[in-house]
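The values are calculated or read from the model by the stated rules, or taken from the named source; none is laboratory data. Just so it is clear, the structure is predicted and the values come from calculations on it, not from any experiment. Don't worry about glycine lacking a Cβ; one is built from the backbone with ideal geometry, like all the others, and counts go over all protein chains shown. Please note that ligands, DNA and RNA were not included when accessible areas were found on the heavy atoms of the full protein model with its side chains. Shrake-Rupley method; radii C 1.70, N 1.55, O 1.52, S 1.80 Å.
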Amino acid sequence: MATQLDFTGKNVFVVGGTSGINLGVACGFAKWGANVAVASRKQDKVDAAVEQLKALGANAFGTTFDVRDNEQVAAGFAKVSDFFTETIDILISGAAGNFPAKVNDMSANAIRSVIEIDLLGTYHVMQNSFQYLTKPGASVVNISAPQAFLPMSYQSHVCSAKAGVDMVTRTLAMEWGSAGVRVNSIVPGPIANTEGMDRLAPTPQLQEAVTQSVPLGRQGTVEDIANSAGIICSEFSAYITGAILPVDGGWSQTGATVVMDKLANMMDKMPKG
Ligand code: COA
Ligand code: NAP
């Protein structure tokens, strides 16, 4: 068994891996020697991410698809499989959409957008991945969120979608266990300098309120999440499946709902639009 994280020659596909946390995870695996593929909707983001991964020395590939479109996802997996020429050892599924909005302020389409990206998108990625996964031995990680188990004002759409994502994780851990495929969720807490955090806490005052509420006293970094993904996908974690792993500086232990309510109150007072 290796004595440190080493993914030399492993094939890693990060869906939604072109910015923020997921790109950080892709870069982590690139540094640890893996071949890395990424996918998201926008060609310019895919191109930039592939350049970044190549600069880290990785054999890298990118393709575009929208996780809401099952046929696009299927075609994307076929391309990634052609690039690797072998099976996928590690799959990270992290495409997501979020905006703060109360239930009464969302159109049906607004709700549908987030449910389709986060939950249905996860189904599309999981279903299309299975035929390409290394069996036995593959590790699948869904990127969830504290909203999956903590109700938060302005976040009902994300709460319900991510709760579903974690249930997909837990169910697939059972259904795919006999094939030797592990499936886990990583639950990032507030991660600094990311789209998700900037949307949820769009002012310095809101950012500070979140930071103050984290037991470890800081927001996380994308490297914190990359390191956790590396550990959970390594052979050191060979017996871990169906786990929902918070990587959040202890934030979810506080209930987090209190600070999110504070944020909601602040947002209520902010000008709309
Ligand atoms: N409040 C209420 N409704 C909102 C909203 C907000 N802040 N932002 C978007 N919506 C609504 C739109 O008005 C639209 O509904 P409508 O057609 O009834 O007007 C619906 O959501 C879809 O918006 P649209 O911009 O057409 O969708 P899209 O498919 O282009 O983008 C989103 C999807 C809305 C999730 C977009 O924010 C996105 O692409 N996010 C990805 C990045 C991200 O969220 N990163 C953080 C991850 S945690
Ligand atoms: P981000 O930078 O916006 O990352 C989202 C990624 O998903 C981008 O690469 C985006 O690229 C892609 N994407 C979005 N919609 C897509 C779609 N329909 N089809 C395919 N790809 C799509 O956001 P982030 O804040 O780093 O969040 C990353 C993940 O971490 C998400 O799953 C989020 O829920 C989770 N999370 C974040 C935080 C946080 O503090 N930021 C906390 C908890 C959980 P394109 O725009 O090119 O499609």
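Suppose we filter region 1-40 for residues that are within 12 Å of ligand 2 (Cβ to nearest atom), open to solvent by 10 Å² or more (accessible area, probe 1.4 Å) and under 16 Å from residue 231 (Cβ atoms); how many remain?
Residues meeting the conditions: 2.
Does at least one position in region 138-154 carry a residue that is over 19 Å from residue 177 (Cβ atoms) and among the β-branched types (Val, Ile, Thr)? Break it down into steps so the answer makes sense when it comes.
If we filter region 138-154 for residues that are over 19 Å from residue 177 (Cβ atoms), which is where we start, we get 143-154.
Now narrow it down to the ones that are among the β-branched types (Val, Ile, Thr): 143.
Yes, because at least one residue in region 138-154 is over 19 Å from residue 177 (Cβ atoms) and among the β-branched types (Val, Ile, Thr).
If you go through region 220-273 one residue at a time, how many are assigned to a helix (DSSP H, G or I) and under 21 Å from residue 25 (Cα atoms)? Break it down stepwise before answering.
Going through region 220-273, the residues assigned to a helix (DSSP H, G or I) turn out to be 222-233, 235-237, 251-254, 257-269.
From what is left, the residues that are under 21 Å from residue 25 (Cα atoms) are 222-233, 235-237, 251.
Selection size over region 220-273: 16.
Across region 177-210, which residue is nearest to ligand 1 (Cβ to nearest atom) among those that are open to solvent by less than 30 Å² (accessible area, probe 1.4 Å) and not hydrophobic (A, V, I, L, M, F, W, C)?
It comes out as 194.
May I ask you to list pairs of residues, at least six apart or on different chains, whose Cβ atoms are under 6 Å apart, with the first in region 68-91 being away from ligand 1 (no atom under 16 Å from the Cβ) and the second being in a helix (DSSP H, G or I) and of a type in the set (Phe, Trp, Tyr)?
Pairs that qualify, where the first residue is away from ligand 1 (no atom under 16 Å from the Cβ) and the partner is in a helix (DSSP H, G or I) and of a type in the set (Phe, Trp, Tyr), are 77/132; 81/132; 87/132; 88/132.
Restricting to region 101-122, count the residues that are open to solvent by 20 Å² or more (accessible area, probe 1.4 Å) and within 13 Å of ligand 2 (Cβ to nearest atom).
Here the count works out to 7.
Out of 81, 129, 93, report the one residue that is over 15 Å from the mean Cα position of the chain (by Cα) and either within 16 Å of ligand 2 (Cβ to nearest atom) or more than 25 Å from residue 185 (Cβ to Cβ) (or both). Outline the logic, then answer.
On the way: 81 fails: either within 16 Å of ligand 2 (Cβ to nearest atom) or more than 25 Å from residue 185 (Cβ to Cβ) (or both); 93 fails: over 15 Å from the mean Cα position of the chain (by Cα).
Every option except 129 fails the conditions.
If residue 143 passes every condition in (1) within 12 Å of ligand 2 (Cβ to nearest atom); (2) surrounded by fewer than 23 Cβ atoms within 10 Å (Cβ to Cβ) but one, which one does it miss?
Status for residue 143: all satisfied but (2).
Within region 149-162, track down each residue that is open to solvent by 10 Å² or more (accessible area, probe 1.4 Å) and more than 13 Å from the chain's Cα centre (by Cα).
First pass over region 149-162, keeping only residues open to solvent by 10 Å² or more (accessible area, probe 1.4 Å): 149-154, 156, 159-160, 162.
Answer for region 149-162, where residues must be open to solvent by 10 Å² or more (accessible area, probe 1.4 Å) and more than 13 Å from the chain's Cα centre (by Cα): 149, 150, 151, 152, 153, 154, 156, 159, 160.
Against the definition (within 16 Å of ligand 1 (Cβ to nearest atom), among the hydrophobic types (A, V, I, L, M, F, W, C), more than 19 Å from residue 67 (Cβ to Cβ) and free of Cβ contacts under 8 Å to residues at least 60 places away in the same chain), how does residue 106 come out, yes or no?
Yes: the conditions hold for residue 106.
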